[in-house]
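Q: Once you've had a glance at the structure underneath, I'll fire off some questions.
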Amino acid sequence: MMTSTSGRNWENRLFTGEWLPGRGDSVPAREAATGATLAMLATADTADVAASVEIARQAQAEWAGWSFDRRAEVLRRVASLIRERAAEFNHWNIRECGSIPAKAEWEIQAVYEQAQMAAAMPMQPVGEVYPSAMPGRMNYCQRLPIGVVGVIAPWNFPILLSMRSVLPALAVGNAVVLKPDLQSAVCGGLLLAEVFEAAGLPRGVFHVLPGGPQTGADLVAHPDVKMISFTGSTQVGRSIGEVCGRMLKKVALELGGNNPLVVLDDADLEVASSCGAWGAFLHQGQICMQAGRHLVQRGAAERYIGLLAERASRLAVGNPATEPVHLGPLINLRQAERVEDIVQRSVALGARIVAGGRRRGPFFEATVLADVTPEMPAFSEEIFGPVAPVTVFDTDEEAVALVNRSPYGLAAAVHGSAMGRASALASKLRAGMVHINDQTVNNEFHIPFGGMGASGNGGRFGGPANFEEFTQTQWVSVSHKGIQYPF
Ligand code: NAD
């Protein structure tokens with residue numbers, strides 16, 4: 001088994017096919033729980049981005065020209081290496097991101113599965129044949145790579161959310177420049193570069209450029225980056241979308257959420273409260289699909305709140321590297337203070353803390369807020385922290401209106417024992433993913449994943465969507481004898 005410090009080729013280095021110092025500032029990688037410096041990171045400036053994109057542009061054509069079975073083989077080796085080095089990824093995921101070990105283990109297993117699925121992509125059909133109105137003509141459409149794809153990823157599931165773009169993009173013949181978040185640049189970028197290098201990906205096809213917003217903006221603005229795949233906040237996604245729109249550049253935006261969990265009065269409340277707790281508190285609530293609004297029908301409300309508060313108060317909070325805990329730290333102190341501020345502003349407007357509510361440095365207790373109304377920040381803002389705000393409704397129509405009041409539309413859940421009623425309600429919700437009698441944090445990698453409204457621009461990840469996203473279609477018509485026109 002590799003140790004956490006094996007090699008450290010990446011320390012103070014960028015990956016451009018070789019390990020180079022960055023021209024940007026050197027910055028510390030910090031442990032989320034303690035603030036301790038774990039390593040020093042190089043960052044990429046505008047010139048580094050331009051150099052990488054040029055190398056990637058040149059390397060892409062060769063990679064796309066590799067036979068499909070050779071491309072598949074590299075990706076199979078990536079899958080094996082991910083599994084071999086899982087302990088090392090988990091070590092960094094726990095320290096950089098404050099993940100509890102179970103979350104880190106789930107994430108690396110998910111990346112392994114994604115790598116296996118990507119390895120199966122190169123042998124899939126690459127087009128379709130269409131009939132023609134012209135006699136003697138054949139029409140076919142083929143899927144071609146886009147070229148250089150820029151991937152910009154967040155820190156919360158840094159390995160999965162970068163690799164769900166990187167892997168399919170590479171599988172269909174693109175080159176990729178990845179800009180991880182600086183708070184997760186080791187597990188979400190630099191270790192991945194080592195994996196691709198060891199797997200035999202041709203030099204220059206994959207790059208890792210740690211950096212902040214400016215590095216991301218440089219990647220977005222580079223004319224030879226032909227597509228941006230961005231996962232992160234709606235605010236940043238909107239500004240990236242504006243630049244890509246102006247440049248007529250393909251862009252996939254997977255953004256924030258404020259996901260409702262609707263509990264009808266005929267629901268099994270043990271199940272609903274278990275789903276509510278998991279959906280709200282997993283990874284300290286720092287998940288785009290977090291159950292951020294618990295909408296409960298009046299007859300079920302008191303019992304649901306009691307059961308949820310009981311579950312919340314059983315959850316231990318602390319440093320996941322040193323203690324067995326359910327909740328680790330938030331990613332940084334600023335985020336924890338932001339969550340505290342949302343709770344306090346909501347309490348000032350009449351919300352009631354039923355469990356938790358306290359912050360200790362970057363740690364925040366699993367919190368249940370009752371009496372939450374749509375005017376309160378706990379209802380209207382994406383919390384991204386371990387807080388479950390509960391709002392009461394009377395009728396199904398009212399529940400639908402409350403759900404669709406949010407501009408976001410990522411995931412939703414509906415709990416109820418009458419399937420007809422629950423599924424009729426589900427189909428009225430503006431959400432890219434709806435789960436009946438389950439919770440909002442769900443991902444099966446062969447199923448298209450993505451949001452509506454302010455949660456994205458309609459792009460999807462997973463299964464057939466990966467071909468749609470990372471290729472472009474070319475229509476080729478072949479007239480065997482040639483066609484004579486009137487002039
Ligand atoms: P963020 O938008 O602040 O940062 C995401 C990435 O964008 C980082 O790598 C960051 O350095 C980069 N970036 C920041 N400003 C940029 C700019 N102007 N140009 C280019 N790149 C820039 O998001 P975050 O705080 O890291 O992540 C949390 C957010 O991500 C939440 O809103 C969450 O809901 C969302 N998210 C969405 C999904 C999804 O699949 N829909 C998944 C995870 C997280």
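The values are calculated or read from the model by the stated rules, or taken from the named source; none is laboratory data. All of these numbers come straight from a predicted model, not from anything done at the bench. Neighbour counts run over all protein chains shown; Cβ positions are idealised from the backbone, glycine included. Side chains are part of the model used for accessible areas, which takes the heavy atoms of the whole protein and leaves out ligands, DNA and RNA. Shrake-Rupley method; radii C 1.70, N 1.55, O 1.52, S 1.80 Å.
Q: Looking only at residues in the range 200-214 that are closer than 16 Å to Asp48 by Cα and surrounded by 23 or more Cβ atoms within 10 Å (Cβ to Cβ), which one is farthest from the ligand (Cβ to nearest atom)? Step through it out loud before you land on a result.
A: Step one: of the range 200-214, the residues closer than 16 Å to Asp48 by Cα are 204-214.
With the extra rule that they be surrounded by 23 or more Cβ atoms within 10 Å (Cβ to Cβ), the set shrinks to 205-211.
On the way: Val205: 21, Phe206: 17, His207: 15, Val208: 12, Leu209: 10, Pro210: 9, Gly211: 7 Å.
Ranking the qualifying residues of the range 200-214, first place goes to Val205.
Q: Further question on the same structure: Can you tell me how many residues within the range 151-174 are part of a loop (DSSP other than H, G, I, E, B) and within 14 Å of the ligand (Cβ to nearest atom)?
A: Here is the first cut: in the range 151-174, the ones part of a loop (DSSP other than H, G, I, E, B) are 153-157, 172-174.
Add one more test, that the residue is within 14 Å of the ligand (Cβ to nearest atom), and what stays is 153-157.
Total meeting the criteria: 5.
Q: Given the structure, is Ser99 hydroxyl-bearing (Ser, Thr, Tyr), modelled with pLDDT of 95 or more and surrounded by fewer than 18 Cβ atoms within 10 Å (Cβ to Cβ)?
A: Working: hydroxyl-bearing (Ser, Thr, Tyr): yes; modelled with pLDDT of 95 or more: yes; surrounded by fewer than 18 Cβ atoms within 10 Å (Cβ to Cβ): no.
So Ser99 does not fit the description; no.
Q: Separate question: State yes or no: is Asp218 within 14 Å of the ligand (Cβ to nearest atom), farther than 17 Å from Ser162 by Cα and surrounded by 20 or more Cβ atoms within 10 Å (Cβ to Cβ)?
A: Values: within 14 Å of the ligand (Cβ to nearest atom): yes; farther than 17 Å from Ser162 by Cα: yes; surrounded by 20 or more Cβ atoms within 10 Å (Cβ to Cβ): yes.
It is true that Asp218 is within 14 Å of the ligand (Cβ to nearest atom), farther than 17 Å from Ser162 by Cα and surrounded by 20 or more Cβ atoms within 10 Å (Cβ to Cβ).
Q: Would you mention how many residues in the range 428-487 are away from the ligand (no atom under 16 Å from the Cβ), free of Cβ contacts under 8 Å to residues at least 60 places away in the same chain and open to solvent by 70 Å² or more (accessible area, probe 1.4 Å)?
A: 7
Q: Only one of Arg85, Arg71, Arg57 is buried (at least 16 other Cβ atoms within 10 Å of the Cβ), within 24 Å of the chain's Cα centre (by Cα), among the basic types (Lys, Arg) and farther than 16 Å from Leu182 by Cα. Can you tell me which?
A: Within the list Arg85, Arg71, Arg57, the selection yields Arg85.
Q: Filter the range 447-487 for residues that are under 16 Å from Pro125 (Cβ atoms) and of a type in the set (Asp, Glu) and give the result.
A: Glu468
Q: Now for a separate question. Of all residues in the range 409-427, which are open to solvent by less than 10 Å² (accessible area, probe 1.4 Å), over 20 Å from Ala301 (Cα atoms) and in a loop (DSSP other than H, G, I, E, B)? Don't jump to the end; show me each part of the working.
A: Let us first name the residues in the range 409-427 that are open to solvent by less than 10 Å² (accessible area, probe 1.4 Å), namely 409-416, 422, 425.
Checking which are over 20 Å from Ala301 (Cα atoms) leaves us with 409-411.
Within the range 409-427, Leu410 is the sole residue that qualifies.
Q: I want to confirm something. Restricting to the range 277-299 and keeping residues that are touching an Asp or Glu at 6+ places or on another chain (Cβ under 8 Å) and more than 16 Å from the ligand (Cβ to nearest atom), which single residue is nearest to Ala454 (Cα to Cα)?
A: Selected residue: Gln297.
Q: Any residue at all in the range 387-408 that is within 29 Å of the chain's Cα centre (by Cα), modelled with pLDDT under 95, open to solvent by 50 Å² or more (accessible area, probe 1.4 Å) and within 16 Å of the ligand (Cβ to nearest atom)?
A: Looking through the range 387-408, none of the residues is within 29 Å of the chain's Cα centre (by Cα), modelled with pLDDT under 95, open to solvent by 50 Å² or more (accessible area, probe 1.4 Å) and within 16 Å of the ligand (Cβ to nearest atom).
Q: Any chance the range 151-164 includes a residue that's surrounded by 24 or more Cβ atoms within 10 Å (Cβ to Cβ), out of contact with any strand residue (DSSP E or B) (no Cβ under 7 Å at 6 or more places or on another chain), at pLDDT 95 or above and aliphatic (A, V, I, L, M)?
A: Scanning the range 151-164, I find at least one residue that is surrounded by 24 or more Cβ atoms within 10 Å (Cβ to Cβ), out of contact with any strand residue (DSSP E or B) (no Cβ under 7 Å at 6 or more places or on another chain), at pLDDT 95 or above and aliphatic (A, V, I, L, M), so the answer is yes.
Q: Still on this structure: Identify all residues within the range 184-199 that are more than 10 Å from the ligand (Cβ to nearest atom) and either open to solvent by less than 10 Å² (accessible area, probe 1.4 Å) or of a type outside the set (A, V, I, L, M) (or both); write none if there are none.
A: The answer is Val186, Cys187, Leu190, Leu191, Leu192, Ala193, Glu194, Val195, Phe196, Glu197, Ala199.
Q: Can you find even one residue in the range 241-258 that is open to solvent by less than 10 Å² (accessible area, probe 1.4 Å), touching a residue at least 24 places away in the same chain (Cβ under 8 Å), within 21 Å of Ala399 (Cβ to Cβ) and near the ligand (Cβ under 10 Å from one of its atoms)?
A: Yes, because at least one residue in the range 241-258 is open to solvent by less than 10 Å² (accessible area, probe 1.4 Å), touching a residue at least 24 places away in the same chain (Cβ under 8 Å), within 21 Å of Ala399 (Cβ to Cβ) and near the ligand (Cβ under 10 Å from one of its atoms).
Q: What do you reckon, is Val263 more than 10 Å from the ligand (Cβ to nearest atom), open to solvent by less than 10 Å² (accessible area, probe 1.4 Å), more than 18 Å from the chain's Cα centre (by Cα) and within 25 Å of Arg23 (Cα to Cα)? Before the answer, list the steps.
A: Values: more than 10 Å from the ligand (Cβ to nearest atom): yes; open to solvent by less than 10 Å² (accessible area, probe 1.4 Å): yes; more than 18 Å from the chain's Cα centre (by Cα): yes; within 25 Å of Arg23 (Cα to Cα): no.
No; evaluated as a whole, the condition is false for this residue.
Q: Would you please list the contacts, defined by Cβ atoms under 6 Å and residues six or more apart or on different chains, that run from a residue in the range 312-338 that is buried (at least 19 other Cβ atoms within 10 Å of the Cβ) to a residue that is assigned to a helix (DSSP H, G or I)?
A: Pro320/Ile94; Leu327/Gln284; Leu330/Gln284; Leu330/Ala336; Ile331/Gln183
Q: Follow-up. Does the range 175-183 include one or more residues that are away from the ligand (no atom under 14 Å from the Cβ), open to solvent by 10 Å² or more (accessible area, probe 1.4 Å) and more than 24 Å from Pro101 (Cβ to Cβ)?
A: So the first thing to find is which residues in the range 175-183 are away from the ligand (no atom under 14 Å from the Cβ), and the list is 175-176.
This time we only want the ones that are open to solvent by 10 Å² or more (accessible area, probe 1.4 Å), so: none.
Within the range 175-183, not a single residue is away from the ligand (no atom under 14 Å from the Cβ), open to solvent by 10 Å² or more (accessible area, probe 1.4 Å) and more than 24 Å from Pro101 (Cβ to Cβ).
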